[in-house]
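This report refers to the structure that appears directly beneath it.
The values are calculated or read from the model by the stated rules, or taken from the named source; none is laboratory data. Source: prediction; values computed, not measured. No Cβ is skipped: glycine too gets one built from the backbone with ideal geometry, and neighbour counts run over all protein chains shown. Note: accessible area is taken over every heavy atom of the protein model, side chains too, but ligands, DNA and RNA are not part of it. Shrake-Rupley method; radii C 1.70, N 1.55, O 1.52, S 1.80 Å.
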Amino acid sequence: MSEQDAQPTGSQAGAGAPVRVALLGAGTVGAAVAKAMVARAELYAQRVGAPLELVGIAVRDLGRPRDLTGILPDLLTDDPGSLVEDVDIVIEVMGGIELSQELITRALGAGADVVTANKQLIAQHGVELEATAERLGRTLVYEAAVVAAVPVLHVVSQALVGDEIRSIHGIVNGSTNYILDTVARLGVPFQEAVQQAGDLGYLEADPTEDLEGLDAAAKIVILARLAWGVDVTLEDVKREGITGLTDQDFEAARGTGQVIKLIASASRSGSSAEPRVEVAVRPTLVSADHPFALTREGMNMVIIDSESAGSLRLSGAGAGGDETASAVLGDLITLARARVAARD
Ligand SMILES: NC(=O)C1=CN([C@@H]2O[C@H](COP(=O)(O)OP(=O)(O)OC[C@H]3O[C@@H](n4cnc5c(N)ncnc54)[C@H](O)[C@@H]3O)[C@@H](O)[C@H]2O)C=CC1
Ligand SMILES: N[C@@H](CC=O)C(=O)O
């Protein structure tokens with residue numbers, strides 16, 4: 001065995017030993033995460049107190065050409081299951097439900113902490129996955145799943161934990177905002193705008209999730225759970241997407257000085273101790289000078305109204321590879337630091 005092979009790994013690692021990371025998925029988000037891990041390796045080692053070692057990257061098709069500059073081709077595998085059992089942190093950016101759920105559960109069981117950007121998975125199975133993580137003393141984090149680069153989950157679950165949130169309204173889907181804005185402001189035909197949103201990496205693998213409001217529904221469910229600790233599900237969301245909108249709808253909006261935005265909302269009635277929550281996603285007419293109307297292209301905005309803080313507005317990139325990677329990498333560094341601190 002070489003000296004390098006003899007290095008302890010995983011939870012037995014010594015203080016300066018690498019934090020071992022597996023990346024599941026190298027599409028729009030995964031490729032941006034991998035590239036940043038290479039380009040910022042030294043900076044991240046400083047911030048974590050130990051190097052981050054990318055031990056493998058799972059992709060569906062090994063033969064597909066992809067730009068992963070600086071990354072050893074040997075790291076790629078089409079067997080994601082081979083990566084989750086001997087690492088410190090798993091980053092799941094594959095999307096989908098069953099396989100991702102199974103791999104995350106296995107990773108937690110094997111002692112890894114997990115970062116995911118998978119909002120459908122968290123909306124549908126987040127409660128049980130978090131319970132699994134808690135039972136095993138592990139951590140599951142998913143800041144990137146809601147409004148990509150904008151740290152809205154941190155604000156709702158931590159910064160405002162001493163306050164009482166009354167409502168959350170927002171544009172929480174980048175691709176539909178891009179489409180609505182491009183159609184209304186630039187007169188681009190609807191289908192062409194959908195194509196452009198796909199080219200920019202904003203659409204889900206199944207674009208109907210965006211267009212029919214399912215993606216926004218998952219995000220508002222996650223926000224409502226964190227804001228009020230309630231058991232809200234996707235079925236509770238009164239949902240309407242943007243595919244039913246016609247040229248006449250856009251013209252009528254323009255004629256009245258308004259724009260159409262896909263607004264997700266969660267409102268509390270009852271007390272904070274016994275909240276009743278209504279959640280909805282629907283195309284909504286917004287006055288042209290409202291901050292939502294000025295939220296253009298792939299940008300998102302969330303307005304949180306709470307008892308003490310009043311109205312808070314958070315805005316920024318709601319989709320895109322580098323932008324979403326920013327949140328994934330933030331979660332990664334936070335988990336890695338905690339693991340290194342726990343070694344001492
Ligand atoms: N693109 C965006 O702007 C954002 C995406 N997200 C979420 O991040 C996740 C990934 O999104 P994208 O990177 O856009 O998707 P993508 O479709 O571009 O990439 C998915 C990657 O996972 C791999 N993959 C899928 N199934 C696999 C399997 N069975 N075995 C091995 N590899 C497999 C694919 O080969 C591909 O490399 C999704 O959950 C999405 O909802 C979250 C926020 C923003
Ligand atoms: N498809 C999503 C990507 C980010 O969550 C969107 O358009 O917002």
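Table for the structure above
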quantity	calculated
In region 144-180, the residues that are touching a Gly at 6+ places or on another chain (Cβ under 8 Å) and near ligand 1 (Cβ under 10 Å from one of its atoms)	147, 148, 149, 173, 174, 175
Unmet criterion (only one of (1) in contact (Cβ under 8 Å) with a residue 40 or more places away in the chain; (2) part of a loop (DSSP other than H, G, I, E, B); (3) surrounded by fewer than 16 Cβ atoms within 10 Å (Cβ to Cβ)) for residue 230	(3)
Residue among 218, 224, 184, 253 that is within 16 Å of ligand 1 (Cβ to nearest atom) and open to solvent by less than 50 Å² (accessible area, probe 1.4 Å)	218
Residue 326 within 16 Å of ligand 2 (Cβ to nearest atom), open to solvent by 50 Å² or more (accessible area, probe 1.4 Å) and assigned to a strand (DSSP E or B)	no
Checklist (1) closer than 24 Å to residue 312 by Cβ; (2) under 15 Å from the mean Cα position of the chain (by Cα) applied to residue 169, failing item	(2)
Number of the condition not met by residue 245 [criteria: (1) in a loop (DSSP other than H, G, I, E, B); (2) over 27 Å from residue 155 (Cα atoms); (3) within 16 Å of ligand 1 (Cβ to nearest atom)]	(3)
Region 187-215 - residue that is among the aliphatic types (A, V, I, L, M) and in contact (Cβ under 8 Å) with a residue 40 or more places away in the chain and, of those, surrounded by the most Cβ atoms within 10 Å (Cβ to Cβ)	197
Residue match in region 120-137 (condition: under 25 Å from residue 222 (Cα atoms), at pLDDT 95 or above, outside any strand (DSSP E or B) and in contact with a Phe, Trp or Tyr (Cβ under 8 Å, 6 or more places away or on another chain))	yes
Test result for residue 287, within 17 Å of residue 164 (Cβ to Cβ) and open to solvent by 10 Å² or more (accessible area, probe 1.4 Å)	no
Residue 91 being buried (at least 22 other Cβ atoms within 10 Å of the Cβ), of a type in the set (Val, Ile, Thr) and at pLDDT 95 or above	yes
Matching option when the condition is among the β-branched types (Val, Ile, Thr), in a helix (DSSP H, G or I), crowded, with 22+ Cβ neighbours inside 10 Å and in contact (Cβ under 8 Å) with a residue 60 or more places away in the chain, among 21, 29	29
So residue 148, is it surrounded by fewer than 17 Cβ atoms within 10 Å (Cβ to Cβ) and hydrophobic (A, V, I, L, M, F, W, C)	no
